[in-house]
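Trainee: Quick one: structure below, then a few questions.
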Amino acid sequence: MNRVNYALMDPTGNRTVLVTTPVPPAQRPAVAAALMAAEPTAEQLGFVTAGEAPALTMAGGEFCGNASMAAAALLRPQGGRVLLRVSGTPAPVPVEITPAPGGWRGRVAMPLPLRIGVRELPSLGSVPVVELPGITHIPLTAPLDRAAAEALIRPLCRQLAAPALGLLLTDGKSRMTPLVYVPAADTLFWESSCASGTAAVGAWQQALLGTPVRLTLQQPAGSLTVEADGSCLWLSGTVRKLYETPGI
């Protein structure tokens, strides 16, 4: 395996390895595994392609708003707007980057939900299910301890046939603790912050109330803000670059 360059980015605490060296798809699983082992504080990894059609491909094939903001900051450090092709969603995603002390502020247009409904699920009962392109989220307002969430998430992912699944422990208003499972990469993390989960809570609350909502959800490593009106779903947060280095 050839050496690859990568950056360790910190979008609202959701530390993300972004590989900037072109890596053939067949070699990406091995590169991802090696770099995730080398960066134990990282929660996820993506492959960034620059040029006229910039792209971000997550190791698990999922969509990630935090990683999208981090990739846009890496591609446009001076700030600006990036139309980014991201895994897990068919249409390019607009991302706005603004330089700020210590890094950047990011704002990304999240994909709209494919469906928002209520499902009767084993051990959880009747719960909201928000299906986004590339990931499904279940916002949970009833108490659930971490061990129970970890035991439930894999079978729930299979039952829902979800490409990735998030269990969001939330009050639906100001706090959220996200657990995310990505079967393609076989990763399970209590994430420091979750952009798609924040978007899912915003979309769920907007559908529930029938009015536009703006929520700032405090998460383990910081806060993310979602604005939802039924026709658009914007998410904003902070981005820092911790370092950029040749990899393995």
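Trainee: Does at least one position in the stretch 28-51 carry a residue that is open to solvent by 10 Å² or more (accessible area, probe 1.4 Å), part of a loop (DSSP other than H, G, I, E, B), over 20 Å from E191 (Cβ atoms) and not aromatic (F, W, Y)?
Mentor: Scanning the stretch 28-51, I find at least one residue that is open to solvent by 10 Å² or more (accessible area, probe 1.4 Å), part of a loop (DSSP other than H, G, I, E, B), over 20 Å from E191 (Cβ atoms) and not aromatic (F, W, Y), so the answer is yes.
Trainee: If you don't mind, there's one more thing I want to ask. Output the residue which, of all residues in the stretch 165-199 that are within 20 Å of S123 (Cβ to Cβ) and of a type in the set (A, V, I, L, M, F, W, C), is nearest to the chain's Cα centre (by Cα).
Mentor: So the residue we want is V180.
Trainee: Can you report the number of residues in the stretch 63-82 which are open to solvent by 20 Å² or more (accessible area, probe 1.4 Å) and either charged (D, E, K, R) or closer than 23 Å to E131 by Cα (or both)? Even if it seems obvious, please write down each step before you answer.
Mentor: Taking the stretch 63-82 as the starting set, the residues that turn out to be open to solvent by 20 Å² or more (accessible area, probe 1.4 Å) are 74-78, 80-81.
Retained after the next criterion (residues that are either charged (D, E, K, R) or closer than 23 Å to E131 by Cα (or both)): 76, 81.
Count: 2.
Trainee: Among the residues of the stretch 26-36, is there at least one that is within 22 Å of L165 (Cα to Cα) and free of Cβ contacts under 8 Å to residues at least 12 places away in the same chain?
Mentor: Yes, the conditions are met somewhere in the stretch 26-36.
Okay, residues lined up against (1) surrounded by fewer than 21 Cβ atoms within 10 Å (Cβ to Cβ); (2) in contact (Cβ under 8 Å) with a residue 40 or more places away in the chain:
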position: A59; (1), (2): no, yes
position: L84; (1), (2): no, no
position: A109; (1), (2): yes, yes
position: I116; (1), (2): yes, yes
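Trainee: So, in the stretch 1-27, exactly how many residues are crowded, with 17+ Cβ neighbours inside 10 Å and under 29 Å from S236 (Cα atoms)?
Mentor: Qualifying residue count for the region: 15.
Trainee: On to the next question. Considering only the stretch 21-34, I want to know if a residue exists there that is within 19 Å of the chain's Cα centre (by Cα) and among the hydroxyl-bearing types (S, T, Y).
Mentor: no
Trainee: OK, next. Can you tell me which residue among G230, G172, G202, G237 is in a helix (DSSP H, G or I) and either open to solvent by 10 Å² or more (accessible area, probe 1.4 Å) or farther than 26 Å from P29 by Cβ (or both)? It would help to see each step written out before you state the result.
Mentor: Working: G230 fails: in a helix (DSSP H, G or I); G172 fails: in a helix (DSSP H, G or I); G237 fails: in a helix (DSSP H, G or I).
Result of the check over G230, G172, G202, G237: G202.
Trainee: May I pose another question? Going residue by residue through the stretch 158-169, is there one that turns out to be in a loop (DSSP other than H, G, I, E, B), on the phi > 0 side of the Ramachandran plot and not aromatic (F, W, Y)? Break it down into steps so the answer makes sense when it comes.
Mentor: Here is the first cut: in the stretch 158-169, the ones in a loop (DSSP other than H, G, I, E, B) are 161-164.
Next, from what is left, pick out any that are on the phi > 0 side of the Ramachandran plot: 161.
So of that shortlist, the ones also not aromatic (F, W, Y) come out as 161.
Yes, some residue in the stretch 158-169 is in a loop (DSSP other than H, G, I, E, B), on the phi > 0 side of the Ramachandran plot and not aromatic (F, W, Y).
Trainee: Tell me whether the stretch 215-233 contains one or more residues that are over 21 Å from I138 (Cα atoms), hydrophobic (A, V, I, L, M, F, W, C) and at pLDDT 95 or above.
Mentor: no
Trainee: Moving to a separate point now. Across the stretch 205-227, what is the total count of residues that are assigned to a strand (DSSP E or B) and not basic (K, R)?
Mentor: Taking the stretch 205-227 first, the residues assigned to a strand (DSSP E or B) are 213-219, 222-227.
Applying the additional criterion that residues be not basic (K, R) yields 213, 215-219, 222-227.
Qualifying residue count for the region: 12.
Trainee: Sort out which residues of the stretch 137-148 are open to solvent by less than 10 Å² (accessible area, probe 1.4 Å) and either more than 15 Å from P178 (Cβ to Cβ) or free of Cβ contacts under 8 Å to residues at least 60 places away in the same chain (or both), and write them in order of number.
Mentor: Selection gives I138 alone.
The values are calculated or read from the model by the stated rules, or taken from the named source; none is laboratory data. Because the structure is a prediction, the values reported are computed rather than measured. Glycine gets a Cβ as well: all are built from the backbone with ideal geometry, and neighbour counts include every protein chain shown. Just the protein is used for accessible areas: all its heavy atoms, side chains included, with ligands, DNA and RNA removed. Shrake-Rupley method; radii C 1.70, N 1.55, O 1.52, S 1.80 Å.
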